[in-house]
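Right, one structure below, let's go through it.
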Amino acid sequence: MKEPMEIPRPAQKTQDTRVLRRTHHKALYVLAKIIRVVTVPPVMVGTLIILLSTLRTDVFSGFGESLCTLLFLAIIPLMAYPISAVIPSIRKKGRDGQRNLAFLLSFVGYSGGMLYALLAHVSRPLLIVFGTYFLSVIVLTVMNKVIRVRASGHACSIAGPIGLVCYFLPPVCIVASLALYAVIFWASVHMGRHTVKEFIWGSLSSPLSLALVALIVSLL
């Protein structure tokens with residue numbers, strides 16, 4: 001004789017639903033973390049350099065300029081992570097200490113890059129690249145320290161290369177870049193690294209800087 005099917009109890013259904021929700025939330029968190037890792041600012045800068053080198057012929061005069069751009073815009077700011085792990089006073093402060101050092105080294109790298117661009121008489125497009133990074137860190141500082149608006153430095157460093165891609169490259173790259181920005185925006189907010197307002201304010205600093213720098217360079 002066929003036994004009747006056992007009907008799940010309400011309590012069992014509730015428990016199964018909670019397990020599914022936790023699993024779903026964990027999967028989304030892992031996905032968001034992967035997105036954050038593969039789109040860290042140095043990777044974005046490297047991608048920008050590759051795209052400009054491949055799709056434009058008027059940005060870099062040679063491989064040396066590409067390396068210098070990578071040095072000032074990516075490698076110097078990236079040094080904040082190993083330095084913060086070695087120096088005890090910074091390591092004790094945790095993420096805050098690492099974030100402050102990263103901001104400081106970003107300012108050093110972007111300022112050095114701007115100085116290099118002026119002294120080396122780089123092309124106008126490359127001058128716009130260095131100028132955008134240099135001005136964006138100043139705008140970000142004014143937002144956070146003077147206006148007292150919490151603006152995300154990570155969002156600024158993401159919006160910078162995305163904005164430059166949109167400015168210099170064909171429309172198909174614009175669509176892809178905006179889609180990438182939306183994905184990074186979601187990942188940062190989902191992980192709780194930034195609020196929506198912090199990410200938006202940080203993102204605004206880059207296009208504003210790009211617009212102003214492009215205007216100034218066009219008048220030179």
From Ile138, Ile147, Ile200, Ile216, grab the single residue that is of a type in the set (Val, Ile, Thr) and closer than 27 Å to Val30 by Cα. Ile200
Filtering the range 167-176 down to residues that are more than 15 Å from Ser136 (Cβ to Cβ) and part of a helix (DSSP H, G or I) yields Phe168, Pro171, Val172, Cys173, Ile174, Val175, Ala176
Verdict on Val129 being closer than 28 Å to Arg56 by Cα, outside any helix (DSSP H, G or I), hydrophobic (A, V, I, L, M, F, W, C) and in contact (Cβ under 8 Å) with a residue 60 or more places away in the chain: no
List the number of the failed condition for Tyr133; all other conditions in (1) surrounded by fewer than 22 Cβ atoms within 10 Å (Cβ to Cβ); (2) within 20 Å of Ala74 (Cβ to Cβ) hold. (1)
Residues satisfying the stated conditions in the range 183-219, i.e. closer than 21 Å to Gly131 by Cβ and touching a residue at least 60 places away in the same chain (Cβ under 8 Å): Gly202, Ser205, Ser206, Leu208, Ser209, Leu210, Leu212, Val213, Ala214, Ile216, Val217
Only one of Leu140, Leu105, Leu180, Leu135 is touching a residue at least 12 places away in the same chain (Cβ under 8 Å) and closer than 16 Å to Leu51 by Cα. Can you tell me which? Leu180
Residues (crowded, with 16+ Cβ neighbours inside 10 Å and either in a helix (DSSP H, G or I) or β-branched (Val, Ile, Thr) (or both)) located in the range 52-74: Leu52, Val59, Glu65, Ser66, Cys68, Thr69, Leu70, Phe72, Leu73, Ala74
Residues being in a helix (DSSP H, G or I), among the aliphatic types (A, V, I, L, M) and surrounded by fewer than 22 Cβ atoms within 10 Å (Cβ to Cβ): count how many of those fall in the range 136-148. 5
Would you tally the residues in the range 114-126 being assigned to a loop (DSSP other than H, G, I, E, B) and either among the small types (Gly, Ala, Ser) or in contact (Cβ under 8 Å) with a residue 24 or more places away in the chain (or both)? 2
Applying the selection to the range 99-156, what residues are under 20 Å from the mean Cα position of the chain (by Cα) and small (Gly, Ala, Ser)? Ala102, Ser106, Gly109, Ser111, Gly112, Gly113, Gly131, Ser136, Ala151, Ser152, Gly153, Ala155
Quick check on Pro88: is it under 13 Å from Val213 (Cα atoms), surrounded by fewer than 21 Cβ atoms within 10 Å (Cβ to Cβ) and more than 16 Å from the chain's Cα centre (by Cα)? no
Test of understanding: among Ala151, Ala155, which residue is crowded, with 19+ Cβ neighbours inside 10 Å, assigned to a loop (DSSP other than H, G, I, E, B), touching a residue at least 12 places away in the same chain (Cβ under 8 Å) and out of contact with any strand residue (DSSP E or B) (no Cβ under 9 Å at 6 or more places or on another chain)? Ala151
One residue from Ala176, Ala85, Ala159, Ala117 being under 23 Å from Thr47 (Cβ atoms), in contact with a helix residue (DSSP H, G or I) (Cβ under 9 Å, 6 or more places away or on another chain) and modelled with pLDDT under 90: Ala176
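The values are calculated or read from the model by the stated rules, or taken from the named source; none is laboratory data. In this text the structure is predicted, and so the values were computed from the model without any measurement. Ideal geometry is used to build each Cβ from the backbone, glycine not excepted, and the neighbour counts take in all protein chains shown.
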